Amino acid sequence: MSIQAGEQTVDKVIHSKKETRLSKLKRELKRGKHYYILMAPYMIIFTCFTIIPVVISFVLSFFSFNMLELPSFVGWENYARLFLSDDVFMTSLKNTLIFAIITGPVSYVACFLFAWIINELSPKVRAFMTVIFYAPSISGNVFFIWLIIFSGDTYGYLNGFLMQTGFLLEPIQWLRDEQYILGVVILVQLWLSLGTAFLAFIAGLQTIDKSLIEAGAVDGIKNRWQELWFITLPSMKPQLLFGAVLQITMAFAVADISMALAGFPSVNYAAHTVVTHLIDYGTIRFEMGYASAIATVLFIIMVSTNLLVQKVLRRVGT
């Protein structure tokens, strides 16, 4: 009898805990119903066009599917093919990692430094300089300009300048020589990198409480670098995390620049990236199962890198 009574008591405690959690959830939903209603359209669109496609892509990566026949289950075959027999994918993965390692940190630091410097200017000058620095990221003719600069004949601006100054005797095929292609794509990407993250940093710098700077001066902060490390960076953690996500995504998702400058495919796949490889199999060959495996690998790399960077950024100023 005592055992049964004990079991009944335990069941009552568990049931009461469930009711407590359920009641808390109901109260929270009732209290914030207006916010949830306003968020609903975005969450529906995000779920339909981001979460569901990601889940479907992951499931489809275990199938062979050419969009004409029904999918057939192949297990890990797509991933084995990807890492063991697809030399082009390994080349694209290497190019993507090189690209991300260089452009990710450099563009991130450049976004913050330029935002920090511009923030010190007067409001009118700051607004003008913000537009000047942000303009390349939204320019529609940017690829055309760089194609002229790196043209492989004597009419190319860079070749013409180097030949006139005596550094070259004959023009270099900047976009056809595999030893230069990736470097050119990285350079153009860095030039385009002052985008949304740059604006987020400008906005974050504007919201820093000036009283913190005054209190820091009283507490012994002696120069701008100490102010940057102990006050500015900790006060901008949300913007820093947001900028990190954007820059990492941009670094790993490069495709348009590579295809516009180096062609598709590039010479000896010198500027081939994981995304261009995905485009090749997904939109040209229509091997959707294999393309889904490529997308899944890229997704895992991007999420892992984001989590690592965010973990590091959370320790800034602590």
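What follows draws every value from the coordinates through simple rules; no lab data is involved. Values in this document were obtained by computation on a predicted structure and should not be read as measured data. Glycine gets a Cβ as well: all are built from the backbone with ideal geometry, and neighbour counts include every protein chain shown.
Data for the structure
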read-out	value
Helix-only [θ]222 nm of the chain, DSSP H runs n ≥ 4, -39500 (n - 2.57) each, per residue, nearest 500	-21500 deg cm²/dmol
For HIS277, net neighbour charge (Lys/Arg +1, Asp/Glu -1) across residues whose Cβ lies under 13 Å away	-1
Between region 71-129 and region 191-268, the Cα center-to-center distance that results, in Å	14 Å
Footprinting exposure proxy for LEU97, LEU278 (fewest neighbouring C-beta atoms within 10 Å first)	LEU97, LEU278
Residue of VAL106, VAL275, VAL254 that the Gaussian network model of the chain assigns the largest fluctuation, springs spanning Cα pairs under 10 Å	VAL106
Gain upon complete extension [LYS24, PHE58; 0.36 nm per residue less C-alpha separation]	8.8 nm
Residues with amide H under 5 Å from that of ARG176, placed H, sequence gap 5 or more	none
Over region 218-318: Kirkwood hydrodynamic radius from C-alpha pairwise inverse distances, Å	16.3 Å
Size of charge dipole - the chain - debye, nearest 20, with Cβ of Lys, Arg +1 and Asp, Glu -1, no other charges	1760 debye
Semi-axis lengths (Å, descending) of the ellipsoid that matches the C-alpha gyration tensor of region 130-231	44, 17, 11
Using alpha carbons only: equivalent-ellipsoid semi-axes of the chain, gyration tensor based, whole Å	44, 35, 17
Residue of THR50, THR91, THR296 that the Gaussian network model of the chain assigns the largest fluctuation, springs spanning Cα pairs under 10 Å	THR50
Of SER72, SER258, SER23, the one that fluctuates the most in a GNM where the chain has Cα springs shorter than 10 Å	SER23
At least 18 Å along the helix axis (C-alpha) and Kyte average at least 0.0, DSSP helices within the chain	33-46, 87-119, 178-191, 237-252, 288-313
Cα-projected label distance for LEU212 with LEU307, points at 7 Å along beta-carbon direction, nm	2.8 nm
Ranked list, fewest to most other Cβ atoms within 10 Å of each Cβ, for VAL59, VAL312, VAL74	VAL312, VAL59, VAL74
Environment charge of TRP116, counting only residues whose C-beta is closer than 13 Å and scoring Lys/Arg +1, Asp/Glu -1	0
